[in-house]
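Written out below as structure tokens is the structure these notes cover.
The values are calculated or read from the model by the stated rules, or taken from the named source; none is laboratory data. On a predicted model such as this, the values are computed, not experimentally measured, just so you know. Reconstructed Cβ throughout: ideal geometry from the backbone, glycine too, with neighbour counts over all protein chains shown. Areas reflect the complete protein model, heavy atoms only, side chains present, ligands, DNA and RNA absent. Shrake-Rupley method; radii C 1.70, N 1.55, O 1.52, S 1.80 Å.
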Amino acid sequence: EKQSPKGCCDHPWCGTPILVTCPVGETLSSILAHHGPFSAEEATRCCRDCLAALRSAKMANIQHGDICPENIICVSDSTRGSCLYVLVSWGRAILEDRDSPEINLQFSSAHALQNAKLCPSSDAESLIYLIYFICGGNMQQQDSIESALQWRQRCWAKRLIQQRLGEVSAL
């Protein structure tokens, strides 16, 4: 129903720079609650699937801004014979500098916590914290931005994240 090849039709989502979908699956938080930490192989699969989604979004100059276990679902993939991990909840995706990310004391990047905005590597850093968590890494509940930043500094200084992600770290 477009008036011209470059124009928009009358649908409210026409021209939206991201694909709006409603995949059905189980969240990572639910999977972890039922099955415990992921194996290195499963964590690597999850990481690769999420990186592919972030790479596609980056080509459209879009950042997710809220990577956490509740925003990743496992969808059955009959072609792979396993699960496909899908990054969902793009409703608050960061499209412009003036957009602010959802602040998550457990998974947000240090830059997002300090500046209330994303830098180019923020989603990748959040994904590292997520993979650390799903591999069984200890993430205490944080009660402030300062304590969240201190936790990150301690973990990196003591190499806790690097040690926990040994087999997954090649990604």
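Descriptive notes on the structure:
- Elements of type helices (runs of 4 or more DSSP H) contained in the stretch 66-168, each with 2 or more residues being touching a Phe, Trp or Tyr at 6+ places or on another chain (Cβ under 7 Å): 122-134, 160-164
- Test: residue 24 is at pLDDT 65 or above, of a type in the set (Val, Ile, Thr) and surrounded by fewer than 12 Cβ atoms within 10 Å (Cβ to Cβ): yes
- Residue within the stretch 121-140 that is of a type outside the set (D, E, K, R) and more than 23 Å from residue 50 (Cβ to Cβ) present: yes
- Residues being more than 13 Å from residue 144 (Cα to Cα) and buried (at least 20 other Cβ atoms within 10 Å of the Cβ) - total across the stretch 108-127: 7
- Selected residue [closer than 18 Å to residue 73 by Cα and open to solvent by 70 Å² or more (accessible area, probe 1.4 Å)] from 98, 92: 92
- Within the stretch 75-89, the set of residues being surrounded by fewer than 16 Cβ atoms within 10 Å (Cβ to Cβ) and either touching a residue at least 60 places away in the same chain (Cβ under 8 Å) or within 17 Å of the chain's Cα centre (by Cα) (or both) comprises 75 only.
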